[in-house]
1. Which angle from 0 to 90°, rounded to the nearest 10, does the C-alpha axis of helix 383-394 make with the longest principal axis of the chain?
2. What list do you get for 341, 270 if you sort them by fewest beta carbons within 10 Å?
3. By counting other Cβ atoms within 10 Å of each Cβ, how are 291, 71 ranked from fewest to most?
4. Return the percentage of antiparallel bridges among DSSP beta bridges fully within the chain, rounded to the nearest 5 %.
5. Helix 150-161 versus the longest principal axis of the chain: what angle, 0 to 90°, nearest 10, using Cα atoms?
6. Going by Cα centres, the range 343-359 and the range 72-109 are how many Å apart?
7. Would you mind putting 98-106, 81-89 in packing order, based on average other-beta-carbon counts within 10 Å, highest first?
8. Using a/c under 1.5 as the rounded threshold, could you call the chain rounded, prolate or oblate? The axes a ≥ b ≥ c are square roots of the C-alpha gyration tensor eigenvalues, and prolate needs a/b larger than b/c, oblate otherwise.
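Rule-based calculations on the coordinates, nothing more; no lab input. Please read all numbers here as calculations on a predicted model, not as lab measurements. Virtual Cβ from ideal backbone geometry, glycine too; neighbours counted across all protein chains shown.
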């Protein structure tokens, strides 16, 4: 069936003549690219009841469409097939023509989606833009955040603030699935059928936790990473974005480090297990790209901190551990004890800033080569600077004691964000003290429920 405005290709199932499928293609020449659906092709299921033609057929959009008269399940509000309006003499061609007209001429007065009807009536330009982008992408893209990591909470905030109409964000945690177990991980992928995956899952810990369990960090993270990437391949995931760490870079190197230097030498021996496991993600990304043409890549953030972190005094990273220590010292009227000299240098990125960059990367970054997500080189601070910022945020007036018998770890790992700046030259990071204050306030207000 065709006319000057549209094209429709209809097929039927020989084993079930009551089930037809149609491909509806609005004529883009007629529409002159002014309509949001002009570049779309919409698959529709047509099911005839046994009582046809005395009862109307049921129409269901298989292809997702951003339209006030079609709901999320594909059900359509089309007056001609309404049971009260249906006439047995109505031809199938008339039904399809009415459906084609409805696609390009929405009827907000009898919507199935009130929110889209309101947007269509009150904010027509916004509706047109959203519908066009949705149509261009063809369907919901299901972006799955794999396994719990505190920056996941920030990704939730950012994805909610910047959600696009064709995106569905799903967040999972270790309570739902142990990703080191292949069968459990496979069941998770089968449940959600993701098209895009942000892989944040890892066994993580602070300096002293790594020192005690390097082998366990290596084995556990290798299992997780191999399962996630293999399942992304087996499930035909369009894009997988993994999260690495600047600790993967060689211990003996020149500064600033950049993306080309990952495999130039062994990492610092304090966390070699975690570091080598993370490096292998980059190796696997290139392997999947070379052998199967997969679009797997990775980001390399500097040290992350922010609300919802792990504040465990033994296993937490430096900033959340110091926040917890300072909270207790102030509460109990005791000195604040810090481990090491306080001299090592670090770059820190606020979790909300990192979340914005991760969302940008899953949508826009197309290279297999990883990209460093870090604040500028001149924003590097000493551990003592961190202590002072936390003390100031808590208004802690007590004594500060250093235990210099404890290891400092790697002295510095200054990273270049030149590649990031080529993509996002105007991206603004939250000032360090502002981010510390927000993190301290969150912990103080949520002490009873914070992970510790």
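1. 70
2. The fewest-first ordering by Cβ neighbours comes to 341, 270.
3. 291, 71
4. If I count the DSSP bridges inside the chain, around 45 percent turn out antiparallel.
5. 40
6. About 52 Å separates the Cα centre of the range 343-359 from the one of the range 72-109.
7. Ranking, from highest mean packing down: 98-106, 81-89.
8. Cα axes put the chain in the prolate bin.
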